[in-house]
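The values are calculated or read from the model by the stated rules, or taken from the named source; none is laboratory data. All of these numbers come straight from a predicted model, not from anything done at the bench. So basically every Cβ, Gly included, is an ideal-geometry build from the backbone, and we count neighbours across all protein chains shown.
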Amino acid sequence: MSGVTTDQAAPETTDAKAIDVQGLRKAFGELEVLRGIDFSVARGEVVCVIGPSGSGKSTLLRCVNLLEEPSAGRVTVAGTEVTDPDVDIDRVRRRIGMVFQAFNLFPHLTALENLTIAQRRVLRRDRDEAERIARANLERVGLSDKASAYPAQLSGGQQQRVAIARALSMDPELMLFDEPTSALDPELVGDVLAVMRALAQEGMTMLVVTHEMSFAREVADRVVFMDGGVIVEEGTPEQVVGAPRHERTRTFLARVLDPAAAEVGEVADTGAAGKRADR
Amino acid sequence: MSLSKRQRARAIRGVQYGVLVLAVVVFALIADWHQLRMAFFDIEVAKALFPDIITTALVNTVLYTLLGFGFGLALGLVLALMRLSSVPPYRWIAVTYIEFFRGIPCLLVFIALGFGVPLAFEVALDMNITVMLSLGLVGAAYMAETIRAGIQAVPKGQTEAARSLGMSHGRAMISIVIPQAFRIVLPPLTNELILLTKDSSLVYLLGLSLTQFELANFGRDALNEHKSLTPILIAGLLYLVITLPLGQLVRRLEARTAKAR
């Protein structure tokens, strides 16, 4: 609730922060999904959020571009407080690229049109410029030959790469990824991760909710582990994934990294962590 | 019973065929074929109907239907959006409208607009306008519900993707949701068009001049003139000329949509 008292001094946050979240809470009716989150992402930083399902990590991501309305707290994106009721959220959103688990490509439009429609209708670019930028971004994700294909004619991995290209066509300052590979067949995951890896190397600010531990370990500057609507621990991948300090983190990682072994382990420590309470 | 299950099934099917054949034979024997042929298939009468039944009646049927459908579709879309509005009064208005016009016969609307309005307001509406309003006001109520269902059938992720690209709610509706909704509701909307084609015959109430006759009227007029059912049969066939291709179109569109999804 600190947001109420400091309202006057609002938007002057340090510009180095791409995302700044303070005291964020979100409840769906009785169910409290986020229970006080403080965290930030610096410009150019790649942050991976990991955690069991139901831990609130997707909700956190969706609060950043206000697809979910926070119940309390402050969210600032690139110097603009998005939780300010007077802010024009459409203007903020066009600077934030978002990639969904289910791709959410527009099925009635071709790949190229998927990339141009918001450029033309939101950024008011003319057709030639929008198409030029769209083709460049399709090229970037390795799909320049699919410009005239409809989403239904593409594989899941291709659809997700088109979705990334769609977000990039808006020249976003940062990108949000909501479990971008979770809906993909295992053999298609690699192409999508390769695109994301290249983006990270180009210096894009990225907040990624993922179950891909190898990606987190290799690409992330920082890993955040969430459980039960709070951040349990955060740090470099070496710290969080390599040498977790908390029991809950260890249990989760054991299950994700070696599902077979974890099932045995889970029987052993059911009482200890009580981590399934939130589901 | 010594019959096996399969034998019994075959026997029952045999009886069903037998009854059918018997019915046909009896009908063929007792029917007065000459009388029937003269009533329904009088070539001379049929010849006299052409070309007017096409150039006037068929054309007018299509015209009236399209007028009503076009107006109804536009109004139906507005009503559907009102029905989904976050502003409660809009919802109430839309629901009331839809319930009212779905619940009353189209005939009543024709009477109200064709006779009620001229008497009450002392203005005579143009014939085409009257038809457009009468068919459209009722059609809109049905189409509004169809379109609303179509809009709600578009996955929420579509709106979220559009909004996350910076589109306003209205822009997302126009560019993303409504085009997809229309693909979904194209089949039921075409069915509505077929229903309106038939309802367009209600214009007979308005008292038409010869050039305003549509198929049903034309048929009835010719029936009186020739004392033959042939015009009715031909008018009926011409309705099918309109409606059967529409049904075919629906199937084609459904197949195409299935492919694009």
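Some values worked out for this structure:
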quantity: Some residue of segment B:242-254 being among the small types (G, A, S), closer than 15 Å to B:P187 by Cβ and either away from chain A (no Cβ under 14 Å) or in contact with a strand residue (DSSP E or B) (Cβ under 9 Å, 6 or more places away or on another chain) (or both); calculated: yes
quantity: Single residue of segment A:183-205 satisfying the filter (over 26 Å from A:R94 (Cβ atoms) and either among the aromatic types (F, W, Y) or outside any helix (DSSP H, G or I) (or both)) that is nearest to the other protein chains (Cβ to nearest Cβ); calculated: A:L184
quantity: In segment A:54-98, the residues that are in contact (Cβ under 8 Å) with a residue 60 or more places away in the chain and at the interface with chain B (Cβ under 9 Å from one of its Cβ atoms); calculated: A:R62, A:N65, A:R94, A:R95, A:I96, A:G97, A:M98
quantity: Within segment B:151-193, tally of residues that are facing chain A (nearest Cβ under 8 Å) and among the β-branched types (V, I, T); calculated: 1
quantity: Residues (modelled with pLDDT of 85 or more, among the basic types (K, R) and surrounded by 10 or more Cβ atoms within 10 Å (Cβ to Cβ)) located in segment B:1-44; calculated: B:R8, B:R10, B:R13
quantity: Any chance A:V208 is in contact with a Phe, Trp or Tyr (Cβ under 7 Å, 6 or more places away or on another chain), in a strand (DSSP E or B) and modelled with pLDDT of 95 or more; calculated: yes
quantity: Subset of segment A:171-202 (residues that are crowded, with 24+ Cβ neighbours inside 10 Å and either of a type in the set (A, V, I, L, M, F, W, C) or under 18 Å from A:I133 (Cβ atoms) (or both)); calculated: A:L176, A:F177, A:V192, A:M196
quantity: Residues located in segment A:147-181, provided they are away from chain B (no Cβ under 14 Å) and either farther than 24 Å from B:A258 by Cα or in a strand (DSSP E or B) (or both); calculated: A:T181
quantity: Residue ID - nearest to the other protein chains (Cβ to nearest Cβ), chosen from residues in segment A:99-115 that are without any contact (Cβ under 8 Å) to a residue 60 or more places away in the chain and within 17 Å of A:M175 (Cα to Cα); calculated: A:N104
quantity: Meets criteria (surrounded by fewer than 22 Cβ atoms within 10 Å (Cβ to Cβ), in a loop (DSSP other than H, G, I, E, B) and at pLDDT below 95) for A:S214; calculated: no
quantity: Cβ-Cβ under 6 Å pairs, at least 6 apart or on other chains, segment A:237-249 side within 17 Å of A:T210 (Cα to Cα) and assigned to a helix (DSSP H, G or I), far side basic (K, R) and at pLDDT 90 or above; calculated: A:P237/A:R217; A:V241/A:R217
quantity: Pair list, Cβ < 7 Å and 6+ apart or interchain, from segment A:116-140 residues that are in contact (Cβ under 8 Å) with a residue 40 or more places away in the chain and within 14 Å of chain B (Cβ to nearest Cβ) to residues that are of a type outside the set (A, V, I, L, M, F, W, C) and surrounded by 14 or more Cβ atoms within 10 Å (Cβ to Cβ); calculated: A:T116/A:E131; A:A118/B:G166; A:Q119/A:R125; A:Q119/A:S169; A:V122/A:R94; A:V122/B:G166; A:L123/A:R94
quantity: Listing of helices (runs of 4 or more DSSP H) fully contained in segment B:1-115 that carry 2 or more residues being within 15 Å of B:G139 (Cα to Cα); calculated: B:59-83, B:88-103, B:106-111
quantity: Matching residues in segment B:214-250 - criterion: being over 22 Å from B:D42 (Cα atoms) and not aliphatic (A, V, I, L, M); calculated: B:T243, B:P245, B:G247, B:Q248
quantity: Members of segment A:108-143 found to be β-branched (V, I, T) and in a helix (DSSP H, G or I), listed by number; calculated: A:T116, A:I117, A:I133
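Residues are listed down the side, and each one gets a yes or a no for (1) closer than 19 Å to B:Y64 by Cα; (2) touching a residue at least 40 places away in the same chain (Cβ under 8 Å):
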{"position": "B:T190", "(1), (2)": "yes, yes"}
{"position": "B:E225", "(1), (2)": "no, no"}
{"position": "B:L233", "(1), (2)": "no, yes"}
{"position": "B:V250", "(1), (2)": "no, yes"}
